[in-house]
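Please read the structure below before turning to the comments.
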Amino acid sequence: MIVTEADKLPEELIDVFVNTKYLVVLTGAGVSAESGMPTFRGEDGFWRKYNAMDLATPEAFANDPKLVWEWYDYRRGILDKTGPNRAHEVIAEMEKHYPQFKLITQNVDGLHARAGSNKIIEIHGNLWRVKCQKCDYNGDFMEVPLKSNPPRCKCGGFLRPDVVWFGESLPMGAIDSAVEALRACDTVLTVGTSGVVQPAASFPLIAHEAGAAVIESNIEPTPITSICKHAMHGKATVLLDKLWNAVIEMEK
Ligand code: OAD
Ligand code: ZN
């Protein structure tokens with residue numbers, strides 16, 4: 001069933017969350033949109049303005065490390081001026097509420113942790129961490145002396161954001177943990193993901209095939225919608241707040 005911001009949430013939808021013991025939340029750029037961080041594919045999305053191949057590939061960094069580093073600086077700059085929104089907060093509250101919980105995120109912005117989430121599986125890395133291109137150094141961006149652009153490691157190699165670029169493999173440990181959670185959970189809530197970038201795009205299907213209920217929160221229909229038990233179409237802040245208030249009220 002599909003509901004919008006204006007609708008009363010159906011009781012069966014609230015029941016799903018009341019009866020869940022193991023919840024997995026899967027998020028994409030849309031959860032951070034209302035914090036002022038542009039998404040990738042929307043109307044004002046990054047990939048409408050910039051070419052992903054010039055900014056988010058190992059080749060791009062090899063060709064123009066300064067440009068790539070500055071693009072991440074620009075995004076860190078946006079994040080310095082903003083913070084988590086109500087959708088991030090509700091997801092952090094869900095973690096405290098359920099006996100078993102995992103948050104799988106494609107986002108690299110660190111906003112979930114700032115909202116208080118702990119059980120986070122970051123499948124695309126984090127732009128607040130850096131790693132060396134030459135040695136195995138991996139560290140906190142805040143602790144790096146920014147003497148050049150990009151900064152250099154003690155070993156002399158360039159430091160790069162510790163994120164997954166197109167053409168790179170994803171962290172295997174994170175993917176294994178994500179799949180294990182998806183197979184074991186009762187419910188998957190997807191928030192603000194277009195469902196077109198693999199492997200995250202197939203995560204809801206893995207859970208669906210293992211018998212979990214898939215619930216979507218997105219401003220518009222996505223390829224995930226067709227396997228959803230319920231889809232909520234509207235702003236994540238509005239819909240997650242409404243959903244969570246209803247679940248807490250029902251449990252009183
Ligand atoms: P996309 O930009 O592809 O999709 C964002 C989704 O959020 C869209 O489906 C929007 O409809 C939805 N959305 C936007 N605003 C929203 C709001 N206020 N409330 C709810 N939903 C909203 O972002 P991702 O799915 O995260 O990868 O993209 C996946 C990956 O592609 C990213 O991790 C990134 C990108 O290229 C890499 O950089 C490797
Ligand atoms: Zn190094």
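The values are calculated or read from the model by the stated rules, or taken from the named source; none is laboratory data. Fair warning: this is a prediction, and the values are worked out from it, not measured in the lab. Because the Cβ atoms are built from the backbone with ideal geometry, glycine has one as well, and the counts that use them run over all protein chains shown.
Name the one entry in 56, 87, 33, 92 that is small (Gly, Ala, Ser) and more than 11 Å from ligand 1 (Cβ to nearest atom). Walk me through how you get there before you give the answer.
On the way: 56 fails: more than 11 Å from ligand 1 (Cβ to nearest atom); 87 fails: more than 11 Å from ligand 1 (Cβ to nearest atom); 33 fails: more than 11 Å from ligand 1 (Cβ to nearest atom).
Result of the check over 56, 87, 33, 92: 92.
Quick test of your reading of the structure: residue 197 fulfils all but one of (1) within 14 Å of residue 30 (Cα to Cα); (2) under 17 Å from the mean Cα position of the chain (by Cα); (3) among the aliphatic types (A, V, I, L, M); (4) modelled with pLDDT of 95 or more. Name the failing condition by number.
It fails just one condition, (4).
Just give me the residues in the stretch 182-201 being among the polar types (S, T, N, Q) and either farther than 21 Å from residue 42 by Cα or near ligand 1 (Cβ under 6 Å from one of its atoms) (or both), in sequence order.
187, 193, 194, listed by residue number.
Out of all the residues in the stretch 185-204, which are within 19 Å of residue 91 (Cα to Cα) and out of contact with any helix residue (DSSP H, G or I) (no Cβ under 7 Å at 6 or more places or on another chain)?
Of everything in the stretch 185-204, those that are within 19 Å of residue 91 (Cα to Cα) and out of contact with any helix residue (DSSP H, G or I) (no Cβ under 7 Å at 6 or more places or on another chain) turn out to be 186, 189, 194, 200.
Yes or no: residue 181 small (Gly, Ala, Ser) and either over 14 Å from the mean Cα position of the chain (by Cα) or at pLDDT below 95 (or both)?
It is true that residue 181 is small (Gly, Ala, Ser) and either over 14 Å from the mean Cα position of the chain (by Cα) or at pLDDT below 95 (or both).
Residue pairs, Cβ under 7 Å, 6 or more apart or interchain, first in the stretch 110-125 and basic (Lys, Arg), second surrounded by fewer than 19 Cβ atoms within 10 Å (Cβ to Cβ) and part of a loop (DSSP other than H, G, I, E, B). List them.
Every condition considered, the pairs that remain are 114/83.
Which of the strands (runs of 3 or more DSSP E) found entirely inside the stretch 84-159 contain at least 3 residues meeting this: of a type outside the set (Gly, Ala, Ser)?
Ranges flagged: 100-105, 120-122, 125-132.
Test residue 107 against the stated conditions and say whether it is farther than 28 Å from residue 176 by Cβ, under 17 Å from the mean Cα position of the chain (by Cα) and either buried (at least 19 other Cβ atoms within 10 Å of the Cβ) or of a type in the set (Lys, Arg) (or both).
No.
Restricting attention to the stretch 54-75, and to residues there that are surrounded by fewer than 19 Cβ atoms within 10 Å (Cβ to Cβ) and in contact with a Phe, Trp or Tyr (Cβ under 7 Å, 6 or more places away or on another chain), which single residue is farthest from residue 177 (Cα to Cα)?
It comes out as 65.
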